[in-house]
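Following this message is one structure expressed as structure tokens.
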Amino acid sequence: MNDFIPPAKPIIGDEERAAVDAVLRSGMVAQGPQVKAFEDEFSAALVAGRECVAVNSGTAGLHLGLLAAGIGPGDEVIVPSFTFAATGNSVALTGATPVFVDIEPDYFCLDPKAVAAAITDRTAAILPVHLYGHPFDAPALRKLADERGVRLFEDAAQAHGASLNGQQVGTFGDFAMFSLYPTKNMTSGEGGMVSATPEIAHRVRLLRNQGMERQYANELVGFNARMTDIHAAIGRVQLGKVGGWTEQRQANAAYLNEHLAGLDGVTTPPVAPGGVHVYHQYTIRVAEDRDRIVTALREEWAVGSGVYYPIPNHRLESLAKFAPGLELPETEKAAAEVISLPVHPSLSEADLERIATAVAAVVKAGA
Ligand SMILES: *Cc1c(COP(=O)(O)O)cnc(C)c1O
């Protein structure tokens, strides 16, 4: 039996270990100079110099970004249902109402036409997701947001380094959040980075630290959502590596695209004109039999895969109360058809060959 190919594999090397050790030896481990340096370096590398604020998770970044932008009870915020639950959760946690809207079928991101139809007098903002590392249609959504007087935010949890028409994700909305969870394209252990307008960034800084910037002069009721210098030290090392890893993900995706092209019943992921996809996930659609295919890949070929996401958020026990009777046909279809194949930078040529061979064999076996 071949070694199992995992669907994701965080890469943590000697440099990360050395950076952590240096922080531990310094005796200063809470938020300090490493966090500040990480914010500045992330800003320069990934969001064109926009102000960045590090927090202890991506979810905290979304929550604090929304609060800092003034979102709260009485507001509606338009979100996709086809995403990780943190997107809708963060809206609900502010007391606002998440309004779930359908996706377009090509890139699995919010459909601007469906968003336009869902805007009401209470809509305060749109929070789309750059799903799987593919940029959402930011120009269309920005235009719509401006025309209708609502704000645009970004869930860029999966999209470090992605861009559209030469503009980096994380620079389109009033604020954006990047996750630094271990399986994301880069990690700090746990963590999140918020890029934002100066006004929102300032309020996120306050909310991150009990509402104070100056010690014991608290201006707001805030949280403790600080990142530690230990985590920031890991993140700084990873920031130096993420560009190379992204190129490897893109090369792996190109291999899979080439070898799965023309396979009956399989749709490989397209990229929008002008888009740079960073392949947090490499997600195909299969016309039928999805769950059988996932099982056969694992049991017959030792190829891991993932289904992101099997239950649309508007059907989750936690969030369904916001969407009574709602039907989102493209979301439901995607939830039944998607399979994310391994695309991470540690794959060998032999791994890629096995993945492509396995998918072809397993799909044909069911035909
Ligand atoms: C991972 C993820 C989050 C949450 O980030 P955490 O760092 O795990 O809190 C939010 N939205 C999306 C789309 C994600 O993939």
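Out of the residues in region 135-147 meeting the condition of being under 13 Å from K113 (Cβ atoms) and surrounded by fewer than 18 Cβ atoms within 10 Å (Cβ to Cβ), tell me which one is farthest from the ligand (Cβ to nearest atom).
The extreme case among them is K143.
Let me ask something else about it. Within region 192-215, identify whether any single residue is within 16 Å of the ligand (Cβ to nearest atom) and part of a loop (DSSP other than H, G, I, E, B), and answer yes or no.
no
Shifting gears a bit: Return the pair list, or none, for Cβ contacts closer than 7 Å from residues in region 152-168 that are open to solvent by less than 30 Å² (accessible area, probe 1.4 Å) to residues that are of a type in the set (D, E, K, R), at least 6 apart or on different chains.
Pairs found: L152/R142; L152/D174; F153/D174; A157/K184; Q158/K184.
Table: residues versus (1) charged (D, E, K, R); (2) closer than 30 Å to L46 by Cα; (3) buried (at least 18 other Cβ atoms within 10 Å of the Cβ).
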{"site": "D264", "(1), (2), (3)": "yes, no, no"}
{"site": "P273", "(1), (2), (3)": "no, yes, no"}
{"site": "Y282", "(1), (2), (3)": "no, yes, yes"}
{"site": "D289", "(1), (2), (3)": "yes, no, no"}
{"site": "R292", "(1), (2), (3)": "yes, no, no"}
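Rundown of residues vs (1) in contact (Cβ under 8 Å) with a residue 60 or more places away in the chain; (2) open to solvent by 10 Å² or more (accessible area, probe 1.4 Å), yes/no style:
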position	(1), (2)
P128	no, no
G133	yes, no
G173	no, no
K184	yes, yes
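What single numbered condition from (1) open to solvent by 10 Å² or more (accessible area, probe 1.4 Å); (2) within 16 Å of the ligand (Cβ to nearest atom); (3) at positive phi fails to hold for G70?
(2)
Is it the case that region 197-213 has a residue that's open to solvent by 10 Å² or more (accessible area, probe 1.4 Å), under 16 Å from E15 (Cα atoms) and modelled with pLDDT of 95 or more?
The answer is no; no qualifying residue exists.
For A361, indicate whether it is surrounded by 13 or more Cβ atoms within 10 Å (Cβ to Cβ), farther than 21 Å from I11 by Cβ and touching a residue at least 60 places away in the same chain (Cβ under 8 Å).
So A361 fits the description; yes.
Which one of G235, G244 is in contact with a helix residue (DSSP H, G or I) (Cβ under 9 Å, 6 or more places away or on another chain), at pLDDT 95 or above and assigned to a helix (DSSP H, G or I)?
Values: G244 fails: in contact with a helix residue (DSSP H, G or I) (Cβ under 9 Å, 6 or more places away or on another chain).
Within the list G235, G244, the selection yields G235.
Considering only region 81-98, state which residues are more than 9 Å from the ligand (Cβ to nearest atom) and open to solvent by less than 10 Å² (accessible area, probe 1.4 Å).
S81, F82, G88, V91, A96, P98
The values are calculated or read from the model by the stated rules, or taken from the named source; none is laboratory data. Everything numeric in this text was worked out from a predicted model, so none of it was measured. All Cβ positions, even for glycine, are placed from backbone atoms using ideal geometry, and neighbour counts span all protein chains on display. The area values use the complete protein model at the heavy-atom level, side chains included, leaving out ligands, DNA and RNA. Shrake-Rupley method; radii C 1.70, N 1.55, O 1.52, S 1.80 Å.
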